[in-house]
Amino acid sequence: MSFDHKVKDLSLAEAGRHQLRLAEHEMPGLMALREEYGASQPLKGAKIAGSLHMTVQTAVLIETLTALGAEVRWASCNIYSTQDEAAAAVVVGPNGTVDDPQGVPVFAWKGETLPEYWECTNEILTWPNGDGPNMILDDGGDATMLVHKGREWEAAGQVPPTTDEDPEEFQVFKELVRETLKSDPQKWTKISEGIQGVTEETTTGVHRLYELAKTGDLLFPAINVNDSVTKSKFDNKYGIRHSLPDGINRATDVLMGGKVAVVCGYGDVGKGAAEALRGQGSRVIVTEIDPICALQAAMDGYQVARLEDVLGEGDIFITTTGNFDIITADHMQRMKDKAIVGNIGHFDNEIDMAGLAKVPGITKTEIKPQVHEWTLAATDGQPAKSIIVLSEGRLLNLGNATGHPSFVMSNSFANQTIAQIELFTKPGDYEKQVYVLPKHLDEKVARLHLPALGVELTELTKEQAEYIGVDVAGPYKPEHYRY
Ligand code: NAI
């Protein structure tokens, strides 16, 4: 079988396969879904375009989707997050060889350029024989954005001219859409009409979907996977608690104990970040704009301050907001010598990297890939000093380390798999809106993970269930319950 793909090096497949095998053991949710649905093949006929960090855990997701009958094409949703051995293993497949790959077309490698990134995203939406996908599985919304903007600009008859105001990433994106329209002026209309739905992984992508739904511009139904409780209250929190210190350690090996760490944002990701840094012995300061989250941080024992007031105090600064311009070039110039700056929110605009590069006299030294020292020239009264920026301001847990561990991703990806089955098998049940999975499925995902941890669940008696007004089999909480 021959198929198109673009990964770093297929000879890494064996190393990747060993890691996949171990990850499968730690992903009981996905393995249980293979067991439950393997025979009935609910995703037969599904053609899924996946844009999500091409890690070992994602490889287990991809092979779960194919085990349920789907055809898949995959790209990463970040230029630094691919694990090249995982990408190779997925292309070769469990039964293929390097010379005769039998797996899935993957277009991803660690260290893509921006044009390459968008070409890879275009590849997953461009199926053989001029066809397109009928499902999208997205993380951050870039694949969904390409279809929506492509169609919008196609209808307008042109891609808007590039301006100096456009961030570099958007300029590259516009160029790609221009190119695609040269070869097929109807490309995005045709592709969008074939898509039954999208399942979205993360807070930032979900935010984009609700914006599209609000203006009536959403082209197909969407399931917000992020807001399954077993996703955002686990991956965003416990996943970050693991992968943030992993990224800082692999990048810098600096001792976190005794240092002052500033965490910007105290949502789910910020909570996991602050807990991890405190666990390493850092004194953690939180910044927030939301009084509820600020109060939570204070009650959890953290100092809550404004970033401007603690710039000279912090040794480590981590952004977790999903917002932009959180740490500006001016902020970075006022930090201590050798302060570490990193972002763990979805996009790289939380830290103003473009502004930093424009500071007069600044120089950049690569310490190693994805770790850069930015040296500021001496000014009146201020000696020369430097700051260390991780992953060029992109999410550092995937750029400097390998992202979240398998067990927590099994929860997220079990939600993804169930959401794909929902949208693909019940097209009539969903309008062009954004939905979350029903609570009984959320509880199912949690339940699938209990045996592996030796959890013994207490069972309600019929009388107890009646007393609190629930069914013995669940759901156990009303929709408005916040966990
Ligand atoms: P969230 O909405 O729960 O938390 C974000 C928090 O930042 C909110 O409490 C908000 O009030 C606060 N915030 C917004 N602007 C701020 C500002 N100017 N200063 C201080 N605080 C501010 O979102 P969640 O789920 O924590 O996700 C945050 C980001 O992390 C998103 O971009 C999401 O996509 C991404 N993410 C990254 C993961 C990774 O592996 N690196 C995993 C999961 C999510």
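General observations
- About the Cα centre, charge dipole magnitude for the chain (Lys/Arg +1, Asp/Glu -1 at Cβ), debye: 480
- The chain - share of DSSP beta bridges that are antiparallel (%, nearest 5): 25
- Across the protein chains, with a 1.4 Å probe defining accessible surface, the residues Met299, Met353, Met31, Met54 rank Met299, Met31, Met353, Met54 from largest area downward.
- In region 320-415, chymotrypsin sites (Phe, Trp or Tyr not before Pro) in a DSSP loop with at most 15 other beta-carbon atoms within 10 Å: Phe324
- Helical runs (DSSP H, four residues minimum) scored at -39500 (n - 2.57) apiece and divided by the length of the chain put the mean residue ellipticity at 222 nm at -12000 deg cm²/dmol.
- What the Cβ-Cβ distance of Val359 and Thr97 gives, at R0 = 35 Å and to the nearest 0.05, is a FRET efficiency of 0.10.
- About the Cα centre, charge dipole magnitude for region 239-400 (Lys/Arg +1, Asp/Glu -1 at Cβ), debye: 380
- For region 239-400: relative contact order, % (alpha-carbon pairs under 8 angstrom, 6 or more apart): 22
- Here is the list for region 291-354: GluC sites (Glu not before Pro) lying in DSSP coil, each with at most 15 other C-beta atoms within 10 angstrom of its C-beta, are Glu313.
- DSSP-defined antiparallel bridges as percent of all bridges, region 239-400, nearest 5: 40
- Accessible area in square angstrom per residue, the chain, 1.4 angstrom probe: 44
- Whole-Å distance, taken between Cα centres, linking region 90-162 and region 429-461: 31
- Here the contact order of the chain, divided by its residue count and restricted to Cα pairs under 8 Å and six or more residues apart, works out to 15 percent.
- Of Asp138, Asp309, Asp131, the order by accessible heavy-atom surface (1.4 Å probe, DNA, RNA and ligands excluded), from most exposed downward, is Asp309, Asp131, Asp138.
- Solvent exposure of Lys364, expressed as accessible area, is near 100 Å², computed with a probe of 1.4 Å over the protein chains only.
- For region 127-132, 3J(HN,Hα) per residue [Karplus equation, 6.51 cos²θ - 1.76 cosθ + 1.60, θ = phi - 60°, Hz, x = Gly/Pro]: 8, x, 6, x, 7, x
- Taking a ≥ b ≥ c as the square roots of the eigenvalues of the Cα gyration tensor, region 239-400 is classed as prolate, since a/c reaches at least 1.5 and a/b is larger than b/c.
- In region 1-127, a dipole from Cβ-located charges (positive for Lys and Arg, negative for Asp and Glu) runs towards its positive end, and of Gly103, Thr113, Ala46 it is Ala46 whose Cα lies farthest in that direction.
- Net length available on complete extension from Tyr476 to Tyr210 is 93.0 nm, with 0.36 nm assigned per residue and the Cα-Cα distance removed.
- Of all lysines in the structure, those lying under 24 Å Cα to Cα from Lys364, and not within fewer than 8 positions of it along the same chain, are Lys110, Lys336, Lys338, Lys385.
- Compactness of region 330-483, expressed as Rg and Dmax over alpha-carbon positions, Å: 24.7, 76
- Listed cross-link partners Lys214/Lys368; Lys187/Lys426; Lys426/Lys477; Lys271/Lys368; Lys6/Lys182 are compared with a 32 Å cut-off, the Cα-Cα value being larger for Lys214/Lys368.
- Per-residue SASA entry for His53, accessible area with 1.4 Å probe, Å² rounded to 10: 20
- Solvent-accessible area of Ser282 with every protein chain in place, 1.4 Å probe, in Å² to the nearest 10: 10
The values are calculated or read from the model by the stated rules, or taken from the named source; none is laboratory data. Owing to the predicted nature of the structure, the values given are computational and were not obtained by experimental measurement. FYI the Cβ positions are ideal-geometry reconstructions off the backbone, even for glycines, and counts take in every protein chain you see. In case anyone asks, the SASA skips ligands and DNA or RNA and just uses the protein heavy atoms, side chains included. Shrake-Rupley method; radii C 1.70, N 1.55, O 1.52, S 1.80 Å.
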